[in-house]
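For reference, the structure is listed below as structure tokens.
The values are calculated or read from the model by the stated rules, or taken from the named source; none is laboratory data. The model shown is predicted, which means the values in this text are computed figures rather than measured ones. Ideal geometry is used to build each Cβ from the backbone, glycine not excepted, and the neighbour counts take in all protein chains shown. Calculation scope for accessible area: heavy atoms of the full protein, side chains included, ligands and nucleic acids excluded. Shrake-Rupley method; radii C 1.70, N 1.55, O 1.52, S 1.80 Å.
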Amino acid sequence: MPRTQVHRALSEPSRLRILEVLRDAEGPLDVRELGRRVGLHANTVRLHLAVLAEAGLVSASREQRAGPGRPPVLYQATTDALEAGALASYRLLAEILASYLASAPDPSAGAEQAGRAWGAHLIGRPPPFTSISNQDTVDQVVHLHDRLGFRPELKRAKNGKELVLKRCPFQEVATTYQSVICPLHLGLIRGALAELGSGVEADSLQPFARNGACVAHLSGT
């Protein structure tokens with residue numbers, strides 16, 4: 001299920017409402033019943049259903065009956081629709097929080113501070129009286145980004161290493177609120193490195209620097 005198709009399908013409030021009705025229904029529904037429940041004409045509902053079906057969020061089947069006449073087409077939400085609905089809700093929450101931070105006097109500083117706190121929380125502090133090498137530090141930060149869905153790749157660079165992030169899970173929100181999301185991400189990296197307590201530092205984060213990939217420069221490696 002391509003993410004772009006899902007986002008397009010859920011960008012229209014009426015389609016989101018149709019999907020919610022199908023998810024909550026006890027069984028499959030036809031176009032007329034769907035239109036009655038969402039307050040739209042049946043032809044309009046058909047157009048929305050076609051977009052939802054193309055995104056893999058609804059499936060269609062003919063009603064099984066023995067009576068005369070052509071049986072109506074019944075629609076139901078697919079299993080992917082549950083995940084897509086949750087993603088849409090989290091995206092909305094992220095946009096609300098990002099817009100709130102963006103209205104602060106210094107949004108970048110506030111976002112980085114929040115990122116530092118979460119980076120320290122997510123990475124896990126080393127056991128007491130133990131030391132961690134710089135290479136182990138970098139490996140843990142790479143692993144953290146892998147867990148978060150960034151598809152990281154570590155490369156050698158002048159005066160350090162580059163953490164190339166080939167996928168941004170926050171790209172849709174970052175496009176609108178880059179002054180918040182990217183500093184927050186940089187703070188997350190810095191907070192994780194500080195928690196591990198080695199000499200590695202994140203000097204910078206270049207958003208969408210290479211073919212859509214973000215690049216973080218790590219020094220002291």
Would you check which residues across the stretch 197-206 are assigned to a strand (DSSP E or B) and buried (at least 19 other Cβ atoms within 10 Å of the Cβ) and list them? Ala202, Leu205
Please specify each residue of the stretch 123-135 satisfying the condition of being surrounded by 14 or more Cβ atoms within 10 Å (Cβ to Cβ), assigned to a helix (DSSP H, G or I) and not β-branched (Val, Ile, Thr). Asn134
Given the structure, is Pro71 surrounded by 13 or more Cβ atoms within 10 Å (Cβ to Cβ), at pLDDT 85 or above and not aliphatic (A, V, I, L, M)? no
I'm told Ala192 meets every condition in (1) open to solvent by less than 30 Å² (accessible area, probe 1.4 Å); (2) touching a strand residue (DSSP E or B) at 6+ places or on another chain (Cβ under 8 Å); (3) of a type in the set (A, V, I, L, M, F, W, C) except one. Can you identify the failing condition by its number? (2)
Take the stretch 139-166 and flag every residue that is open to solvent by less than 80 Å² (accessible area, probe 1.4 Å), under 16 Å from Gly212 (Cα atoms) and in contact with a Pro (Cβ under 9 Å, 6 or more places away or on another chain). Gly149, Phe150, Leu163, Val164, Leu165
Suppose we filter Ala117, Ala109 for residues that are closer than 19 Å to Pro207 by Cβ, of a type in the set (A, V, I, L, M) and surrounded by fewer than 18 Cβ atoms within 10 Å (Cβ to Cβ); which single one remains? Ala109
Cross-chain or 6+ apart pairs with Cβ under 8 Å, the stretch 41-60 first and farther than 14 Å from Val73 by Cα, then open to solvent by less than 70 Å² (accessible area, probe 1.4 Å) and assigned to a loop (DSSP other than H, G, I, E, B): His48/Glu12; His48/Leu40; Val51/Glu12; Ala55/Pro2; Gly56/Thr78; Leu57/Thr78
Cβ pairs under 8 Å, 6+ apart or interchain, first in the stretch 204-221 and closer than 19 Å to Leu144 by Cα and without any contact (Cβ under 8 Å) to a residue 12 or more places away in the chain, second surrounded by 14 or more Cβ atoms within 10 Å (Cβ to Cβ) and not aromatic (Phe, Trp, Tyr), ordered by first then second residue, are Gln206/Cys214; Gln206/Val215; Gln206/Ala216; Gln206/His217
